[in-house]
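Peer 1: Starting off with a structure, shown below.
The values are calculated or read from the model by the stated rules, or taken from the named source; none is laboratory data. If you're wondering where the values come from, they're calculated on a predicted model, not measured in any experiment. Note that each Cβ is placed from the backbone with ideal geometry, even for glycine, and that neighbours are counted across all protein chains shown. Ligands, DNA and RNA are excluded from the accessible area calculation, which covers all protein heavy atoms including side chains. Shrake-Rupley method; radii C 1.70, N 1.55, O 1.52, S 1.80 Å.
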Amino acid sequence: DPLDIDLSRTLFNAVVRDGPGTPVRIGPQDIEVHQTEHLTQAATVLLLDQSRPMGMFGIWVAAKKVALALYWLIRSKFPRDSFHIIGFSDYAMEVRGDDLPELAWNDWGPGTNMHQALMLSRHLLSREKVATKQILMLTDGEPTAHLEGGLAYFSSPPPAHATLDATLKEVKLCTQAGITI
């Protein structure tokens, strides 16, 4: 932070301490600094893994608590920031923050489609006119699904090379667009 001394408050403090008269003796306890608040804005997308293993292995509750805490922190302390949530398993879709308390993990669909989640995030962040764009991901695993012709292609274990390639290509497009993951 820059040292921006508040001269009038500093002199006032010295006079109050020593009384009126010259010379005014300024001590370290008299110095006051202007506090400035930086008003930067950020756009954040939270990717929340809703795949079956998240629920089956007990990770879903902790991930949902983190998502709720982050949502309320940004909404209450940084109201100028934008915050989007994308839930993903075999497919990815945007979730309204107000719907987060009722959100559940996907117990019927296999797959962790990070490819589509990243793609949707990139499109959401492309509309934001801020310098700081970021994606946070809460997951328990690796990409096991990707979009192929508009449909989810699933392969695990291990993930298909096409799934890894599609996901890493989307990571590259995000970082080229200035998005931090």
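Peer 1: Just to check your reading of the model, which residue among LEU46, LEU11 is assigned to a helix (DSSP H, G or I) and either surrounded by 10 or more Cβ atoms within 10 Å (Cβ to Cβ) or touching a Ser or Thr at 6+ places or on another chain (Cβ under 6 Å) (or both)?
Peer 2: Working: LEU46 fails: assigned to a helix (DSSP H, G or I).
From the options LEU46, LEU11, the qualifying one is LEU11.
Peer 1: Then there is this: Where residues in the stretch 73-89 are part of a loop (DSSP other than H, G, I, E, B) and open to solvent by 20 Å² or more (accessible area, probe 1.4 Å), which of them is nearest to MET137 (Cα to Cα)?
Peer 2: ASP81
Peer 1: Still on this model: Do we find that ASP98 is of a type outside the set (Ser, Thr, Tyr), outside any strand (DSSP E or B) and closer than 24 Å to GLN41 by Cβ in this structure? Write out each step before concluding.
Peer 2: Details: of a type outside the set (Ser, Thr, Tyr): yes; outside any strand (DSSP E or B): yes; closer than 24 Å to GLN41 by Cβ: yes.
Yes; evaluated as a whole, the condition is true for this residue.
Peer 1: Show the residue pairs that are 6+ apart or on different chains and have beta-carbon atoms under 9 Å apart, the first residue being within the stretch 124-141 and over 16 Å from VAL66 (Cβ atoms) and free of Cβ contacts under 8 Å to residues at least 40 places away in the same chain, the second being of a type in the set (S, T, N, Q) and open to solvent by 60 Å² or more (accessible area, probe 1.4 Å).
Peer 2: Listed by first residue and then by second, the contacts come to LYS129/GLN41.
Peer 1: A further question on this structure: Pull up the stretch 106-129, narrow it to residues that are among the hydroxyl-bearing types (Ser, Thr, Tyr) and buried (at least 21 other Cβ atoms within 10 Å of the Cβ), then point me to the one that is farthest from the chain's Cα centre (by Cα).
Peer 2: Of all residues in the stretch 106-129, those among the hydroxyl-bearing types (Ser, Thr, Tyr) come to 112, 121, 126.
Next, only the ones that are buried (at least 21 other Cβ atoms within 10 Å of the Cβ) stay: 112, 121.
Working: THR112: 20, SER121: 11 Å.
Here the answer is THR112.
Peer 1: Next up: Looking only at the stretch 49-65, which residues are in contact (Cβ under 8 Å) with a residue 60 or more places away in the chain and either in a strand (DSSP E or B) or of a type in the set (A, V, I, L, M) (or both)? Walk me through how you get there before you give the answer.
Peer 2: Residues of the stretch 49-65 that are in contact (Cβ under 8 Å) with a residue 60 or more places away in the chain, as a first pass: 49, 51, 53-54, 57, 59, 63.
Of everything in the stretch 49-65, those that are in contact (Cβ under 8 Å) with a residue 60 or more places away in the chain and either in a strand (DSSP E or B) or of a type in the set (A, V, I, L, M) (or both) turn out to be ASP49, MET54, ILE59, ALA63.
Peer 1: Tell me which of these THR132 doesn't satisfy, since it passes every other one: (1) over 15 Å from the mean Cα position of the chain (by Cα); (2) open to solvent by 20 Å² or more (accessible area, probe 1.4 Å); (3) at pLDDT 95 or above.
Peer 2: The failed condition is (1).
Peer 1: What's the number of the condition HIS161 fails, among (1) out of contact with any strand residue (DSSP E or B) (no Cβ under 7 Å at 6 or more places or on another chain); (2) free of Cβ contacts under 8 Å to residues at least 60 places away in the same chain; (3) open to solvent by less than 60 Å² (accessible area, probe 1.4 Å)?
Peer 2: With (1) out of contact with any strand residue (DSSP E or B) (no Cβ under 7 Å at 6 or more places or on another chain); (2) free of Cβ contacts under 8 Å to residues at least 60 places away in the same chain; (3) open to solvent by less than 60 Å² (accessible area, probe 1.4 Å) applied to HIS161, the lone miss is (3).
Peer 1: Just name the residue that is farthest from THR132 (Cα to Cα) out of those in the stretch 165-181 that are open to solvent by 60 Å² or more (accessible area, probe 1.4 Å) and of a type outside the set (D, E, K, R). Give the derivation first.
Peer 2: Going residue by residue through the stretch 165-181, those that are open to solvent by 60 Å² or more (accessible area, probe 1.4 Å) are 165, 168-169, 172-173, 175-176, 180-181.
Now restrict to residues that are of a type outside the set (D, E, K, R): 168, 173, 175-176, 180-181.
Details: LEU168: 21, LEU173: 16, THR175: 12, GLN176: 14, THR180: 8, ILE181: 11 Å.
So, considering only residues that are open to solvent by 60 Å² or more (accessible area, probe 1.4 Å) and of a type outside the set (D, E, K, R), the one farthest from THR132 (Cα to Cα) is LEU168.
Peer 1: Quick check: anything in the stretch 21-42 surrounded by 16 or more Cβ atoms within 10 Å (Cβ to Cβ), hydroxyl-bearing (Ser, Thr, Tyr) and not in a helix (DSSP H, G or I)?
Peer 2: Taking every residue of the stretch 21-42 in turn, none turns out to be surrounded by 16 or more Cβ atoms within 10 Å (Cβ to Cβ), hydroxyl-bearing (Ser, Thr, Tyr) and not in a helix (DSSP H, G or I).
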